[in-house]
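Just below is one structure, and these are the notes that go with it.
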Amino acid sequence: MIVPVLKRILLRGEPEKYDDFVLPASADIGSDNVEGVDYFYFRIMTPKKLLSILEQDKVVDGRATFIVNEFDLSLVEIEINKILQDCIRPTWDEVAKAINRHLNWEYDHIQYETLEEAKERLNKDK
């Protein structure tokens, strides 16, 4: 089984106010025995910021969003690790798709084709 591991969280900036912000971030997630990682994107937001966004936009898509009372990256890290414990699967593709239910995977909506599929598609277009 492939056990996903959170290797790093990258924040895109710093909150100006610790109780009123939205901050984009990414999680570098891989497995213990592999050097590489895939990127999973999310945002960290406070209830105050959520309310101000709702006043303007009327609706917010909550996927890949962590709502915190104030900025504390350790709480987000704990929550991501809880998610990862629920995403242990036989293959990395299955792991990444399971994580993608919670965070936005860099390869979401990308579908690769085999060499045979590409040849077949090219021959159909002739």
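Coordinate-derived values only; no laboratory data. Values in this document were obtained by computation on a predicted structure and should not be read as measured data. Counting neighbours? That spans all protein chains shown, and the Cβs are built from the backbone with ideal geometry, glycine included.
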_the chain - Kirkwood radius from inverse mean 1/r over Cα pairs (Å)_ = 16.5 Å
*Would you please give the residues with an amide H less than 5 Å from that of PHE66, counting only those at least 5 places away or on a separate chain, with H modeled from the backbone geometry?*
ARG43, ILE44, MET45
*With a 10 Å Cβ neighbour count serving as the proxy for reagent exposure, in which order, fewest first, do HIS102, HIS109 appear?*
HIS109, HIS102
*Mind checking the dipole of region 4-124: about its Cα centre, +1 per Lys or Arg Cβ, -1 per Asp or Glu Cβ, Debye to the nearest 20?*
240 debye
*Taking the chain as a Gaussian network, where each spring joins two C-alpha atoms under 10 Å apart, which residue of ILE78, ILE88, ILE67 fluctuates the most?*
ILE78
*Give me the number: length gained by fully extending ARG12 to GLN85, i.e. 0.36 nm times residue separation minus the C-alpha to C-alpha distance, one decimal in nm.*
23.7 nm
*Backbone HN-Hα couplings from phi across region 54-60 [Karplus 6.51/-1.76/1.60, Hz, Gly and Pro as x]*: 5, 4, 8, 8, 6, 8, 9
*Once you've got the GNM for the chain with C-alpha springs shorter than 10 Å, pick whichever of ASN69, ASN104, ASN33 has the biggest mean-square fluctuation.*
ASN33
*Selection from LEU50, PHE66, PHE21 lying farthest towards where the dipole of region 4-124 points positive, charges on Cβ*: LEU50
*Grab the DSSP H runs of the chain that are 4 residues or longer, score each as -39,500 (n - 2.57), total them, divide by all residues and round the 222 nm result to the nearest 500 deg cm²/dmol.*
-10000 deg cm²/dmol
*Helix 115-124 versus the longest principal axis of the chain: what angle, 0 to 90°, nearest 10, using Cα atoms?*
70 degrees
*For the chain, modelled as a Gaussian network with Cα springs under 10 Å, which listed residue fluctuates most, PRO15, PRO24, PRO90?*
PRO90
*How far is it, in nm, from the label point at SER52 to the one at SER74 when both lie 7 Å from their Cα along the line to the Cβ?*
2.7 nm
*Please give the helix 73-85 orientation as an angle from the longest Cα principal axis of the chain, in degrees from 0 to 90, rounded to the nearest 10.*
40 degrees
